[in-house]
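The values are calculated or read from the model by the stated rules, or taken from the named source; none is laboratory data. It should be emphasised that the depicted structure is a prediction, and the values quoted were computed from it without experimental measurement. Don't worry about glycine lacking a Cβ; one is built from the backbone with ideal geometry, like all the others, and counts go over all protein chains shown.
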């Protein structure tokens, strides 16, 4: 038996198929993964993401600590509630985890890191924090729910009182705010608009049921994976890990090398890699014809070399096979993927296939 989120009994009541995910008992789907996927693209769906790790970082050296811990620079954050996406790296420049950090003030930040890497991440954060005047607090007193889709913000606002609804609807993209008992952030992992909501454990059943009544359908891990892959969003452990640098994982934009005097974990390794020239890149692949792409399939780039798919699926929106793959830097627009002994042609594109329900190919 794995860890259970505060929503576990509600998943059971909704008829969820429960599977193990990083040591957590989580819903794979509630019937049709395909219907859940389309619900998010066309309307609104909700995902239990309470297995994610929420850590509050506070103290007079909170900013200095996060400037050292993260590859992106939290000094960019000046407005309360503004969020930043970053990698947390090891000394070799590999990605320990990717995360979102919210700026509340110079002495107060909130980080949301992945579920499957919880123990490793907490140990890494604690170890790095020893040299700084900060406290790190794992928030096990709150649950987290993501509501995503073109009607998500409207439907969440419909369950709030008028003042709170106006505040929620006024949130900018990648901004979070404490609104009454809820911390509501305009973030997500689907390529759609919506909110990620942190809520007290006492509000779990009430908020879930209100959203159900508002027409927000529960969705599981299966749809969450096809949605994030269509959006070209990385999955830790697939598309990057401790052996992969941000430059090889389509995360170069999250690395703040300026100002040059800022020392952060992994900086020297990244500088060395950049000077030597990055050898690989993460791209999108679109299957030319019928079939499904999966992770760990060989990618052949004629005259260039070989790579490997890192994530793959059949895109419900595009109705064709898509994947992300790590390939030689010189890879252009054409390649082949080895599927059951056959070399099948694929088109090489930027990672990211669907945005706001529409193809970006």
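Can you pull out the residues in region 108-138 that are touching a helix residue (DSSP H, G or I) at 6+ places or on another chain (Cβ under 6 Å) and outside any helix (DSSP H, G or I)? 109, 113, 132, 134, 136, listed by residue number.
Here residue 141 fits the description: surrounded by fewer than 21 Cβ atoms within 10 Å (Cβ to Cβ) and touching a helix residue (DSSP H, G or I) at 6+ places or on another chain (Cβ under 7 Å).
Residues are listed down the side, and each one gets a yes or a no for (1) modelled with pLDDT of 95 or more; (2) buried (at least 16 other Cβ atoms within 10 Å of the Cβ); (3) under 18 Å from residue 49 (Cα atoms):
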position	(1), (2), (3)
222	yes, yes, yes
251	yes, yes, no
262	yes, no, no
268	yes, no, no
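The strands (runs of 3 or more DSSP E) found entirely in region 266-350 that carry 2 or more residues being farther than 22 Å from residue 251 by Cβ are 298-301, 305-315, 320-328, 334-339, 342-349.
Within region 307-333, the set of residues being more than 14 Å from residue 290 (Cα to Cα) and loosely packed, with under 13 Cβ neighbours inside 10 Å comprises 330, 332, 333. Could you tell me whether residue 227 is farther than 19 Å from residue 112 by Cβ and surrounded by 21 or more Cβ atoms within 10 Å (Cβ to Cβ)? Considered against the rule, which asks whether it is farther than 19 Å from residue 112 by Cβ and surrounded by 21 or more Cβ atoms within 10 Å (Cβ to Cβ), residue 227 comes out as no. Candidates are the residues of region 290-304 that are closer than 14 Å to residue 315 by Cβ and over 22 Å from the mean Cα position of the chain (by Cα); the one that is surrounded by the fewest Cβ atoms within 10 Å (Cβ to Cβ) is 290. Looking at 123, 185, 128, 168, just one residue is out of contact with any strand residue (DSSP E or B) (no Cβ under 8 Å at 6 or more places or on another chain) and crowded, with 16+ Cβ neighbours inside 10 Å, and that residue is 128.
For region 42-65, indicate whether the set of residues that are within 24 Å of residue 238 (Cα to Cα) and out of contact with any strand residue (DSSP E or B) (no Cβ under 7 Å at 6 or more places or on another chain) is non-empty. Working first, answer last.
Residues of region 42-65 that are within 24 Å of residue 238 (Cα to Cα), as a first pass: 46-55.
With the extra rule that they be out of contact with any strand residue (DSSP E or B) (no Cβ under 7 Å at 6 or more places or on another chain), the set shrinks to none.
Checked region 42-65: no residue is within 24 Å of residue 238 (Cα to Cα) and out of contact with any strand residue (DSSP E or B) (no Cβ under 7 Å at 6 or more places or on another chain).
Among the conditions (1) at pLDDT 95 or above; (2) farther than 23 Å from residue 148 by Cα, the only one that residue 351 does not satisfy is (2).
Listed by first and then second residue, the pairs linking a residue in region 36-59 that is in contact (Cβ under 8 Å) with a residue 12 or more places away in the chain and on the phi > 0 side of the Ramachandran plot to a residue that is in a strand (DSSP E or B) and surrounded by fewer than 20 Cβ atoms within 10 Å (Cβ to Cβ), with Cβ atoms under 6 Å apart and 6 or more places separating them unless they lie on different chains, are 59/135.
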